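Okay, so here's the structure we're looking at.
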Amino acid sequence: MITLDGVMQAPGTPDEDRSNGFEFGGWIAPYDDEVSAEIMQRLLQPADLLIGRKTFEIWERYWPQHTENWPTINEVNKFVLSGTRRDTDWKNCIFIDSVADVKKLKQSDGADIQVWGSGKIVQLLLRNDMVDELWLMIHPLTLGNGKKLFTDGPIPAAFSLAESAVTTKGVIIARYERAGDVETGTVGG
């Protein structure tokens, strides 16, 4: 979930992440509709999750008691990339601490792995060519300030549009698949 200017911070609630004085938490709420709800239900199907410590700490306080919106959240594996956290009462959480651990996880025969939120992890995966697919929900607004998705140098990489939809509220939902190297050329030549 991103804005036109790439902000991904605190889309769900006003108090989700106020770091650096962010005051627009909950910015996706006005854009909910049946189209986005249907796609979200598809995306919330069981898959292993890879999340960072900050996202984990937000989720750990909320999701175990609110499964009505994500019924499988407590049952799926939650791999938490953290150099500091090592334990929790939330079930099916596995703490990992390095890019090597993520690579090993990606190469395993387990379930599909999704990253929700966790901008630093998405940036790490983009830098290390470990993204097979990107789902972007581009909301028609700019916020100016806030944590942005595409910072910290993703490698040059091509993606192809595999699926898209536009909601009644103007949100563009696009699924991109990794498509090799960047190709260049001359326009009109």
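Values quoted throughout were computed directly from the atomic coordinates according to the rules given, and no laboratory measurement underlies them. This is a predicted model, so every value here is computed, not measured. Quick reminder, even Gly has a Cβ in these numbers, built from the backbone with ideal geometry, and neighbours come from all protein chains shown.
Observations, loosely collected:
- The slack in the chain from residue 63 to residue 168, taken as 0.36 nm per residue of separation less the alpha-carbon distance, amounts to 35.0 nm.
- Counting only aspartates and glutamates at least 8 places from residue 169 when in the same chain, those with an alpha carbon closer than 18 Å to its own are 5, 32, 33, 34, 38.
- Stretch gain in nm, segment residue 106-residue 120, where the contour uses 0.36 nm per residue and the Cα spacing is subtracted: 3.3 nm
- Prolate/oblate/rounded call for segment 78-139, Cα gyration tensor, a/c under 1.5 rounded: prolate
- Averaging 1/r across all pairs of distinct Cα atoms in segment 87-183 and inverting the result yields a Kirkwood radius of 15.7 Å.
- Antiparallel content of DSSP bridges confined to the chain, in %, to 5: 55 percent
- Spin-label zone in segment 30-64 - amide nitrogen under 11 Å from a point set 7 Å from the Cα of residue 13 along the C-beta vector: 58-64
- Longest exposed-site-free window of the chain, the sites being trypsin sites (Lys or Arg not before Pro) in a DSSP loop that have at most 13 other C-beta atoms within 10 Å: 92-189
- Globularity index of segment 115-163, i.e. its alpha-carbon radius of gyration over 2.2 N^0.38 Å: 1.21
- Centre separation in Å (Cα based) which lies between segment 136-189 and segment 79-96: 30 Å
- CD proxy at 222 nm, helix term only [per DSSP H run n ≥ 4: -39500 (n - 2.57); per residue of the chain; nearest 500]: -6000 deg cm²/dmol
- Dipole magnitude for the chain: about 500 debye, using +1 per Lys or Arg Cβ and -1 per Asp or Glu Cβ, origin at the Cα centre.
- Amide hydrogen neighbours beyond the local backbone of residue 115, cut-off 5 Å, H modeled: 50
- Build a GNM of the chain with springs between Cα atoms under 10 Å apart, and of 60, 38, 23 the one that fluctuates most is 38.
- Listed cross-link partners 78/106; 54/78; 78/148 are compared with a 18 Å cut-off, the Cα-Cα value being larger for 78/148.
- Estimated translational D of the chain in µm²/s (Stokes, Kirkwood radius over Cα pairs; 25 °C; 0.890 mPa s): 138 µm²/s
- Calculated FRET value between residue 94 and residue 187, using beta carbons and R₀ = 41 Å, to 0.05: 0.30
- Amide hydrogen neighbours beyond the local backbone of residue 13, cut-off 5 Å, H modeled: 26
- Calculated FRET value between residue 42 and residue 141, using beta carbons and R₀ = 41 Å, to 0.05: 0.95
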